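Engineer: Below is a structure I'd like to ask you about.
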Amino acid sequence: MAAGRNGVRGNLWEGAVSGLYRNSPAWVLATGTRESGMKTSRPARNVDEYIAGFPPDVQARLEKVRITIRTAAPGAEETISYRIPAFKLKGQYLVYFAGFKNHIGLYPVPTGDAKFKKDLSDYKSGKATARLPLDQPVPLALIRTIVKLRAKENQKRAASR
């Protein structure tokens, strides 16, 4: 058997990667690429670099998400965590977002009332993930609601400590 990626022989490498969710931070670290085609040989040092690594149409959508989060949480600071953009508010992580081939991921999604759950149902993917498809308009109002609910959750958590 010939040595594969990183000198690993045979299917051992593929086996190690196959258990990872495609495009998860662990997948990106293991393979060095995103499904979108964005090369990740060097992690982005800031949100501008991260967004610049995508095609222009995706860049515009990522920028909309970024601006919406900033508007909903004016005191939040941008950073890169797990190789994706994140916002921290008063030292606690508020939300993360990431670009993929067919969607933008927004994490974590808070719990909310019945109306919020209904609004989120078209975008919910997993326990705490919202997938915003690239072929649909960016749901800016929903993003604002998610950010504000996350800020409230963080406040409650901080008050209980």
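The values are calculated or read from the model by the stated rules, or taken from the named source; none is laboratory data. Note that this is a predicted model, so its numbers are computed, not measured. Reconstructed Cβ throughout: ideal geometry from the backbone, glycine too, with neighbour counts over all protein chains shown.
Engineer: Report those strands (runs of 3 or more DSSP E) wholly inside region 72-140 carrying at least 2 residues which are touching a strand residue (DSSP E or B) at 6+ places or on another chain (Cβ under 6 Å) and crowded, with 19+ Cβ neighbours inside 10 Å.
Structural biologist: Numbers: elements: 77-81, 84-89, 92-99, 103-107, 130-133.
The qualifying strands (runs of 3 or more DSSP E) are 84-89, 92-99, 103-107, 130-133.
Engineer: When you go through (1) of a type in the set (Phe, Trp, Tyr); (2) modelled with pLDDT under 60; (3) part of a helix (DSSP H, G or I) one by one for TYR50, which number turns out not to apply?
Structural biologist: (2)
Engineer: Please specify each residue of region 69-128 satisfying the condition of being of a type in the set (Asp, Glu) and closer than 15 Å to PRO139 by Cα.
Structural biologist: Matches in region 69-128: ASP119, ASP122.
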